[in-house]
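In what follows, a structure is listed as structure tokens, so that the remarks can point back to it.
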Amino acid sequence: MSTIRTTTSRIPRQQDTDTGGRRPGALTDDRPWSADPYSDALRTGRGPLFLRRDDGWLLPLEVERWCADADAADLGVLRRCEGAVLDVGCGPGRLVAALGGQGRRVLGIDVSEAAVACTVRLGGQALRRSVFDPLPGEGRWGTALLIDGNLGIGGDPRALLHRMAQLLLPGGLLIAETVPGVDLDERVQVHVTDARGAAGTPFPWARLGTPALLRHAGRAGWRAVDQWAAGGRSFVALRSRSTSSTAEPPNSAAVSSSQRVG
């Protein structure tokens, strides 16, 4: 991959709690994305890798694309970003690296240790966190990204949209990738598997087409500002309420030295 220039601008910060960086009571489990075969695929940059439903249905995961440089469809997303950017489920870090290379303020978060390590190797800033954990700069991010299927995180779109609104500035921008071409609104239990049948821990996931996302977003107070397709993929841009009572107040205290960003 190309050499990535890091930015010296500081990311908004928030102090960790004494729960190891997790919000008290948060239902997070990093095992599905931290154990083989997912970690192995990220380390090698190759699949095949799948999400497998209980009924045996397989969803191919685009590991090679995730581990490559940002493509034209990705760059179309990044051009729309505003202010400091939080990449939720950053994977091996191609979007974080591309934004950093443009001198943009950006932080990736991922529950996978291998994903965070890949992002850091590219020169990006990343933390091993769930989106539902306490995060730096809550309520002060200009843009949040849910790309590469990460709209499915937690298997509960309503809860995820609520959390994204907490993380963003009032009136902030959420860019999400949806399942192209269908009105799909699916909640499933899946696990990560490879061609050999090695399986990770089951976890809840969701898959949404654009119409379903717009329905959920409208009920949650988001405003749709754009939708487009590129490279066989589909995207939606949503803007949060212009005022918010749910965002946590900024805290200037630094995170621990092992998780320092900016």
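The values are calculated or read from the model by the stated rules, or taken from the named source; none is laboratory data. As the structure is a prediction and not an experimental result, all values here were calculated from the model. Here the Cβ positions follow ideal geometry from the backbone for every residue, glycine too, while neighbour counts run over all protein chains shown. Ligands, DNA and RNA are stripped out before the accessible areas are found, and what is left, the full protein with its side chains, is counted by its heavy atoms. Shrake-Rupley method; radii C 1.70, N 1.55, O 1.52, S 1.80 Å.
Which percent of the accessible area of segment 80-208 is formed by carbon and sulfur heavy atoms (probe 1.4 angstrom)?
Details: 2030 of 3880 Å².
Here it works out to 52 percent.
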**Study point:** Residue-wise HN-Hα coupling along segment 143-152, computed from phi with Karplus coefficients 6.51, -1.76, 1.60 (Hz; x: Gly, Pro)
**Key:** 9, 10, 10, 10, 10, 6, x, 6, 4, x
Practice item. Count charges around L208 for me, please; just the other residues with Cβ under 12 Å from its Cβ, Lys/Arg as +1, Asp/Glu as -1. Key: -1
Check your understanding: If one computes the Cα centroid of segment 99-140 and of segment 43-67, what distance in Å separates the two points?
Key -> 22
Practice item. State the extension gain, in nm to one decimal, for the chain segment bounded by D55 and L75, taking 0.36 nm per residue of separation less the distance between their alpha-carbons. Key: 3.6 nm
Exercise for review: Only residues of segment 202-233 count here: report those whose backbone N is under 12 Å from the spot 7 Å along Cα→Cβ of R187, or say none.
Suggested key: 204-207
